[in-house]
Amino acid sequence: MSVWRIMGTETEYGISVPGNPGANAMLISSQIVNSYAAAMHRARRARWDFEEENPLRDARGFDLARDVADASQLTDEDAGLANVILTNGARLYVDHAHPEYSSPEVTNPRDAVVWDKAGEWIMAEASRRAAEIPGTAPINLYKNNTDNKGASYGSHENYLMQRTTPFADIVRNLTPFFVSRQVVCGAGRVGVGQDGRAHGFQISQRADFFEVEVGLETTLKRPIINTRDEPHADPERYRRLHVIIGDANLAEISVYLKMGTTALVLAMIEERFMSTDLSVDQPVRTLHQVSHDPTLRQLVTLRNGRKLTAVQLQMEYCEQARKFVEDRLGSDVDDVTKDVLERWESVLSRLESDPMTLSRELDWVAKYEILLGYRKRDGLDWDSSRLQLVDLQYSDVRPEKGLYQRLAARGRFERITSDEEIRRAVDHPPEDTRAYFRGRCLDKYADSVAAASWDSVIFDVPGRESLQRVPTLEPTRGTKQHVQALIDRSRTAEDLVRALTEG
Amino acid sequence: MAADERGGQQHANRDKQEVEETETEAGSDLKERQEKLSEDVDSMLDEIDEVLEANSEDFVRGFVQKGGQ
């Protein structure tokens, strides 16, 4: 009934060696991950434990046979690619041909911003470390979603949901929300069409790469609603909604509202609060059309014949969410939920009256303002390589080169976090999820952790013949409150395992 | 009756005048705001010019990615 729930983000970063477009992407991605791992000064590096992973399970209730799956869907086969578990509870590894940062589990959208931003810092640091290796060309990393030549890579969100919620309810109520939420959390893009062949600016990086309404795939025929059902938790109680339609955001308000408003809509779906059917006619086509119109005038046609803009469609959700929170929480509403609702309402009303006033809050508006400025000052057309460069360099993770990073450092973006908080989140886990247990174990017992994953930590301790697997299936357990004292008094992993098995 | 009508008319006129004045004020506010905004954007572009990668055409062409999720 609020924005609070277990959630997290995963981002595949764009990667390139300037002047060498043919550089082996898997190799340089591994260099990035390994450089960061080496800088952590751990004698032993924990493996990723794949035991509980099942990426081919479909939320609609059937398993995809392994031999009919595309090789890119088999994410649980350890290809020997670089993979580290960080002391903040995150996973840093090579996925396909990109370095990926999967944030630790958090409980609310504000923390999601903090640990997502920590990922940017980690990537920038990894790139600096990699460049220190003699004979290595500098490797650039970008928090974006396309090369504008036909390739796209993801920025996913994960939300833990109640298993009892029918998947059909999720599809029906979430699809119109996903078609329209880009007006708030789009990252902006120069180029139209998957390969950017048509010239122009569009609201979303990802929109053109979505081709179907519902499906299991993530790398081809991308669906608006992804059905991967791999909860990394008790499957009887939970499903993990794997959202693949978002853009990689840099602006804190964009990330915050992306996660916060989606969490609110999911809460309404779980509690069957949504009273009106907002189903969109031809959602995939509409998704593209909305993205292609930064004037925000494009009309969306609902199945019941009603026509409204994407901003107005978002207003419908926002209004329902306001009533929902008022109805369920009244004056007991928590600060984060209240703040998300107020900001959402304010952003939507300004998108309707004067969108450019949002250039300090939303990625796509900020980028659009810069691009319009260049067009006016230098008389550039949308096919100008300089405008494409602005689009790309906006997402460069380096503080001195990345346009977002530089402008944010000069106070040109509204922020909800502080640098100190983000710097701390680079090494420290959230305190209110199982990521706390994982992160603390990796920090304190690094040499004894053989492997770990979202739902386990596996210890190799002297005096025990087999590895000791500590399951962490419940994401809300293993928090600071639950395990701080235990970890503090267990000097070694052996002590910890003994306390756990005897307790 | 007639006086009432005239009074009503005068009232309407005064309202109209007030609205016009407010609009003019809003107009110059808007103009001022736009000018400030445009100065602000110009200084931002100057900042960006300093760090934009050289040879944009080659740089953008060289950014080739393998697909991902």
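The values are calculated or read from the model by the stated rules, or taken from the named source; none is laboratory data. Every value quoted in this text rests on a predicted model; they were computed, and no experiment measured them. Using ideal geometry, Cβ is built from the backbone for each residue, glycine included, and neighbour counts are taken over all protein chains shown. Surface areas here come from the heavy atoms of the whole protein model, side chains and all, with no ligands, DNA or RNA. Shrake-Rupley method; radii C 1.70, N 1.55, O 1.52, S 1.80 Å.
Between residue A:163 and residue A:323, the C-beta separation translates, for a Förster distance of 30 Å, into a calculated FRET efficiency of about 0.70. Summarising the amide proton neighbourhood of residue A:49: residues at separation of 5 or more, or on other chains, whose placed amide H is nearer than 5 Å comprise A:452, A:453. Computed extension gain for residue A:335 through residue A:412, at 0.36 nm per residue and net of the alpha carbon distance, reaches 25.2 nm. Amide H contacts for residue A:191 (H built 1.01 Å from N in the peptide plane; partners 5 or more residues away or on another chain; cut-off under 5 Å): A:200, A:201, A:202. Look at the stretch A:366-375: the mean tally of other chain Cβ atoms within 10 Å of its residues' Cβ atoms is 2. State whether segment A:356-401 is rounded, prolate or oblate according to the following rule on the C-alpha gyration tensor (a ≥ b ≥ c being the square roots of its eigenvalues): a/c under 1.5 gives rounded; otherwise a/b larger than b/c gives prolate, and the remaining case gives oblate. Judged from the Cα gyration tensor, segment A:356-401 comes out oblate (a/c at least 1.5, b/c at or above a/b).
Using 0.36 nm per residue and subtracting the Cα-Cα separation, the extra length available between residue B:47 and residue B:34 on full extension is 2.7 nm.
When you filter the GluC sites (Glu not before Pro) in segment A:417-482 for DSSP loop state and at most 12 other Cβ atoms inside 10 Å of their Cβ, you are left with A:465.
Quickly rank A:198-209, A:311-322, A:97-108 as a protection proxy: mean count of other C-beta atoms within 10 Å, highest first.
Numbers: A:198-209: 22.6, A:311-322: 20.4, A:97-108: 26.0.
For the peptides A:198-209, A:311-322, A:97-108, the packing ranking is A:97-108, A:198-209, A:311-322.
Of all DSSP bridge pairs formed entirely within the protein assembly as shown, close to 90 percent run antiparallel. For residue A:308 and residue A:149, the FRET efficiency from 1/(1 + (r/R0)^6), where r spans their Cβ atoms and R0 equals 25 Å, is about 0.10.
Taken residue by residue and averaged, Cβ atoms of other chains lying within 10 Å of the Cβ of A:89-96 number 1.
Only helices enter the 222 nm calculation for chain A: every DSSP H run of n ≥ 4 contributes -39,500 (n - 2.57), and dividing by all residues gives -12000 deg cm²/dmol, rounded to 500.
Tell me, what HN-Hα J-couplings in whole Hz come from the Karplus equation 6.51 cos²θ - 1.76 cosθ + 1.60 at θ = phi - 60° for each residue of segment A:101-113, using x for Gly and Pro? So the J values, rounded to whole Hz, are 10, 9, 5, x, 5, 10, 10, 7, x, 5, 5, 4, 5.
Just the accessible area per residue of chain A, please: how many Å² with a 1.4 Å probe?
Spelled out: the 1.4 Å probe surface of chain A, per residue, equals 37 Å².
3J(HN,Hα) along segment A:332-338, derived from phi through the Karplus expression 6.51 cos²θ - 1.76 cosθ + 1.60 where θ = phi - 60°, amounts to 7, 4, 6, 4, 5, 4, 4 Hz, with x in place of Gly and Pro. Segment A:335-398 and segment A:432-503 have Cα centres separated by 44 Å. For residue A:117, the lysines whose Cα comes closer than 23 Å to its Cα, not counting residues fewer than 8 places off in the same chain, are A:143, A:258, A:338, A:367, A:401, A:480. Compared with the dominant principal axis of the Cα atoms in chain A, helix A:363-378 is inclined by about 50°.
Were the residues from residue A:198 through residue A:464 laid out at 0.36 nm apart, the gain over their Cα-Cα distance would be 89.5 nm.
Name the aspartates and glutamates eligible as straight-distance cross-link partners of residue A:323: C-alpha to C-alpha under 12 Å, and not fewer than 8 places from it in the same chain. Within the straight-line cut-off, residue A:323 pairs with nothing. Under a 5 Å amide H cut-off, with hydrogens placed 1.01 Å from N, residue A:214 pairs with A:224, A:225 among residues at least 5 apart or on other chains. Please say if segment A:279-322 is rounded, prolate or oblate, where rounded means a/c under 1.5 for a ≥ b ≥ c the square roots of the C-alpha gyration tensor eigenvalues, and otherwise the choice is prolate for a/b larger than b/c and oblate otherwise? Taking the square roots of the gyration eigenvalues as a ≥ b ≥ c, segment A:279-322 is oblate.
Computed from backbone phi, the HN-Hα couplings of segment A:463-476 come to x, 10, 5, 9, 5, 9, 9, 9, x, 10, 5, 9, x, 8 Hz, rounded to whole numbers (Karplus: 6.51 cos²θ - 1.76 cosθ + 1.60, θ = phi - 60°; Gly and Pro given as x). Partner aspartates and glutamates whose Cα lies under 20 Å from the Cα of residue A:444, excluding those fewer than 8 positions away in the same chain, are identified as A:49, A:105, A:427, A:431, A:432, A:455, A:460, A:488, A:494, A:495.
Applying 1/(1 + (r/R0)^6) with r as the Cβ-Cβ distance of residue A:275 and residue A:51 and R0 = 51 angstrom yields a FRET efficiency of 0.75. Residue by residue along B:52-59, Cβ atoms of other protein chains within 10 Å of the local Cβ number 6 on average.
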